[in-house]
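Visitor: First the structure, then my questions, so here it is.
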Amino acid sequence: NSNFSTGKTFTGVPINDAAIPMGAARDQVSGSPPTYFVRTFPTNATTSGTTLAKSPGDFDSAYSFVDINDAGLVVGNGLIGGSASTKLFAGYASPTTIVATYPISAPALRPQLSADGKIVVRNNVNQIVTYAFPSPVPTVVAGAAGGFTSVGRAPGISKEGKDVAFAASKGGKRGIYSSLLTPSGPQTFLAAEEGSGGVVTIDDLQRIAV
């Protein structure tokens, strides 16, 4: 349909497990400057996509990485303020909610969502953090205070929102760490030594893939 017409470039296309599965994407329309959209698309293709955010207005430009959970909550990030800052945003529809704002020096975020609306990212100060949407208050899962000298840019979170996995280095051990999100705070352990530092995901059976 017209959502896939010439001149559009789609990136970051996750899909959920809703009764009618929905996909989400950042798409870029050719122009000077280009126009960026974050949209959802029903996989049965009976209706057109729904725009959650676009440039100009919601951001100057949008990064490639988005995610969507089974409830239809979408998370993404983009540049704002004359491309001076990066905003992490989420929502079910337009307008979306700003969850966090980071300086432009922050790397492109790769947010992931759980079914209960927890967002996990690596922030601008080398921490793995979660946000319980729509709260802007982060919970630190891993960082320097916990002995980590570095953490990977692409953490994953389980569907139930109970476990976070990420690549990291701590105490001379480099690998994949798993953190159980308990009421008393994250409980972290080394799941596999010598990780690659790449993208980390967790399936419904709590199995970690890198």
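The values are calculated or read from the model by the stated rules, or taken from the named source; none is laboratory data. Note that the coordinates shown come from a computational prediction; the quantities given were computed from them, not determined experimentally. Cβ placement follows ideal geometry from the backbone for every residue including glycine, while neighbour counts extend to all protein chains displayed. We work out accessible area using only protein heavy atoms, side chains counted, and drop any ligands, DNA or RNA first. Shrake-Rupley method; radii C 1.70, N 1.55, O 1.52, S 1.80 Å.
Visitor: Test Thr40 against the stated conditions and say whether it is farther than 22 Å from Tyr102 by Cβ, open to solvent by less than 20 Å² (accessible area, probe 1.4 Å) and either outside any loop (DSSP other than H, G, I, E, B) or touching a Phe, Trp or Tyr at 6+ places or on another chain (Cβ under 7 Å) (or both).
Guide: So Thr40 fits the description; yes.
Visitor: Quick one: in the stretch 51-67, which of the residues that are out of contact with any Lys or Arg (no Cβ under 7 Å at 6 or more places or on another chain) and open to solvent by less than 10 Å² (accessible area, probe 1.4 Å) is farthest from Gly117 (Cα to Cα)?
Guide: Among them, the one singled out is Ser55.
Visitor: Related question: Would you please name the residue that is farthest from Ala167 (Cα to Cα), looking only at residues in the stretch 178-207 that are modelled with pLDDT of 70 or more and hydroxyl-bearing (Ser, Thr, Tyr)?
Guide: My answer is Ser184.
Visitor: Looking at the stretch 140-158, which of its residues are touching a Ser or Thr at 6+ places or on another chain (Cβ under 7 Å) and open to solvent by 70 Å² or more (accessible area, probe 1.4 Å)?
Guide: Across the stretch 140-158, the qualifying residue is only Thr149.
Visitor: For the stretch 106-128, give me the residue count where each residue is over 23 Å from Ser83 (Cβ atoms) and more than 8 Å from the chain's Cα centre (by Cα).
Guide: 7
Visitor: How many residues, within the stretch 97-128, are surrounded by fewer than 21 Cβ atoms within 10 Å (Cβ to Cβ) and either hydroxyl-bearing (Ser, Thr, Tyr) or not in a loop (DSSP other than H, G, I, E, B) (or both)?
Guide: 6
Visitor: Looking only at the stretch 81-93, which residues are within 18 Å of Pro134 (Cβ to Cβ) and surrounded by 14 or more Cβ atoms within 10 Å (Cβ to Cβ)?
Guide: Result: Lys87, Leu88, Phe89, Ala90, Gly91, Tyr92.
Visitor: Still on this structure, please answer the following. Would you be able to tell me the number of residues in the stretch 49-84 that are part of a strand (DSSP E or B) and within 17 Å of the chain's Cα centre (by Cα)?
Guide: Matching residues across the stretch 49-84 total 12.
Visitor: For the stretch 129-154, what are the residues that are part of a loop (DSSP other than H, G, I, E, B) and either touching a helix residue (DSSP H, G or I) at 6+ places or on another chain (Cβ under 9 Å) or of a type in the set (D, E, K, R) (or both)?
Guide: Arg153
Visitor: Filter the stretch 155-184 for residues that are assigned to a loop (DSSP other than H, G, I, E, B) and closer than 28 Å to Pro95 by Cβ and give the result.
Guide: Within the stretch 155-184, Pro155, Lys159, Gly161 meet the criteria.
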